[in-house]
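Here is the structure we will look at.
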Amino acid sequence: MKPKVYFKTFGCRTNVFDSQVMMSALRDYDVTEEESEADIVVVNSCTVTNGADVSVRGYINQMNKQGKKLFLTGCGAHTKGESLFGTGKVQGVFGPSEKMKINTLLSQESRFYEIGDLNYIDDAIVDEFVGKSRAFIKIQEGCNFRCSYCIIPYVRGDARSMDEAKILEQVSRLASNGFGEFVLTGTNVGSYGQGEGRNIAELMKKMSLIRGVRRIRVGSLEPIQINESFREILDEPWLERHLHIAIQHSSDAMLRMMNRRNRHASDVELFGMLNAKGFALGTDFIVGHPGESDPIWEEAMDNIRSLNLTHIHPFTYSKRDGTPSSLMKPEVNGTLSAKRMLELNALIESNNRAFRNKMASTPLEVLVESAEGNDYMGYDQFYNKVIIQSSEDISGDWITLENYEVYDEYNMAKF
């Protein structure tokens, strides 16, 4: 009987893809979705915040108490791998560039530390996504931006794009295996093809022509990446009606401190255009960055009310050693950051409910992803949660809902 391997994936969709690549590369092991069954646990880590590091370390400690054989990869391998390896917490550490070697690495009898490099380009093709209804397609790696707070370019490298032919082959294989929704991911996904005469919009058009492709979602874009070529696809029926556009803050003073390229005036224009087209709009937002004074926060809240946001992925600022922000003063008190976070979340939750009420006559196209009894859960084209009550097994199905009720955190229907 082959040893069983469990993958614990932290962080972003890029890590979800990388975990699937590693699962597909295993030959002498069986993958299990049950942590308790595992002989080996591969921890695909995130290091974007201190909280992410704490979660990874806590999980590793927990698994050590259970006697699991542990291996660390992902972004945290570059920042915390050496210390975790040095203290004997893990059997081996390997960087994301080494993931295709996983079968050989897990088979080594001796402990190892193989961090790899930051210039690799993925050429792996996967045919399946274990335990997923949607397929995640990594189209690029790395980032050329140098936002003052961010450590990710130092652990993922500069931006580089995957081969278009391999991306399309992967989409075709997954579509033939029954996947209809595809989520494009990467470190800075909108930079796909930069400097190579390619762009993400053209790639998405080619994907849409593949038989079986029903909906294409795209990960976090920068405002400047919603350019003319991308605007040309905004009315395409296969494009999700939700866009996640990372602004990180809505005060120009703070955006300058963060070394960001966007400014509020242009963000308002962009988000207004997309709102008029009926898009649900999400963003990343950092609360409590050094220098975020009361006047700056008040300005930010006034500004963000004009952006028509319906979704938000907020972070409390987390100091990352080696970044310019880590040296900035004055720091913002944690209690104050938490208060501001609550204020921000309350605003966006209210916006989301108002958006769903406004769109309540719009049929929802839902891909059912999970079930609990007769309650099935999925996400619609606006990336809002939908619960469907059904006596039939509709797991994995596409359901069109014309009649549904709007609740605080989700829509509900019977089918």
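The values are calculated or read from the model by the stated rules, or taken from the named source; none is laboratory data. It should be emphasised that the depicted structure is a prediction, and the values quoted were computed from it without experimental measurement. Glycine gets a Cβ as well: all are built from the backbone with ideal geometry, and neighbour counts include every protein chain shown. Note: accessible area is taken over every heavy atom of the protein model, side chains too, but ligands, DNA and RNA are not part of it. Shrake-Rupley method; radii C 1.70, N 1.55, O 1.52, S 1.80 Å.
Hey, could you check region 1-31 for residues that are out of contact with any helix residue (DSSP H, G or I) (no Cβ under 7 Å at 6 or more places or on another chain) and assigned to a loop (DSSP other than H, G, I, E, B) and say which is most open to solvent (accessible area, probe 1.4 Å)? Among those residues, the one meeting the criterion is Met1. Selection of region 160-182 for residues being surrounded by fewer than 21 Cβ atoms within 10 Å (Cβ to Cβ) and either of a type in the set (Lys, Arg) or within 26 Å of Ala52 (Cα to Cα) (or both) yields Lys166, Arg173. When restricted to residues that are open to solvent by less than 70 Å² (accessible area, probe 1.4 Å), without any contact (Cβ under 8 Å) to a residue 24 or more places away in the chain and either in contact with an Asp or Glu (Cβ under 7 Å, 6 or more places away or on another chain) or farther than 20 Å from Ile151 by Cα (or both), region 64-92 contains 5. Applying the condition of being of a type in the set (Phe, Trp, Tyr) and open to solvent by 20 Å² or more (accessible area, probe 1.4 Å) to region 360-415 and asking which residue is farthest from Arg214 (Cα to Cα) yields Tyr407. Could we say that Ser133 is more than 28 Å from Ile286 (Cβ to Cβ) and touching a residue at least 60 places away in the same chain (Cβ under 8 Å) here? Yes; evaluated as a whole, the condition is true for this residue.
Here Gly186 fulfils each of the conditions (1) closer than 18 Å to Phe136 by Cα; (2) modelled with pLDDT of 95 or more; (3) open to solvent by 10 Å² or more (accessible area, probe 1.4 Å) apart from (2). The set of residues in region 317-365 that are among the β-branched types (Val, Ile, Thr), more than 14 Å from Gly288 (Cβ to Cβ) and modelled with pLDDT of 95 or more comprises Ile348, Thr362.
Annotation: of all residues in region 129-144 being surrounded by 15 or more Cβ atoms within 10 Å (Cβ to Cβ) and under 26 Å from Leu70 (Cα atoms), the one that is farthest from the chain's Cα centre (by Cα) is Phe129.
How many residues are of a type outside the set (Val, Ile, Thr) and open to solvent by 10 Å² or more (accessible area, probe 1.4 Å) if we restrict to region 253-269? I'd like the intermediate steps shown before the answer.
So the first thing to find is which residues in region 253-269 are of a type outside the set (Val, Ile, Thr), and the list is 253-267, 269.
Still in the list and also open to solvent by 10 Å² or more (accessible area, probe 1.4 Å): 253, 256-257, 259-261, 263-266, 269.
So the count comes out to 11.
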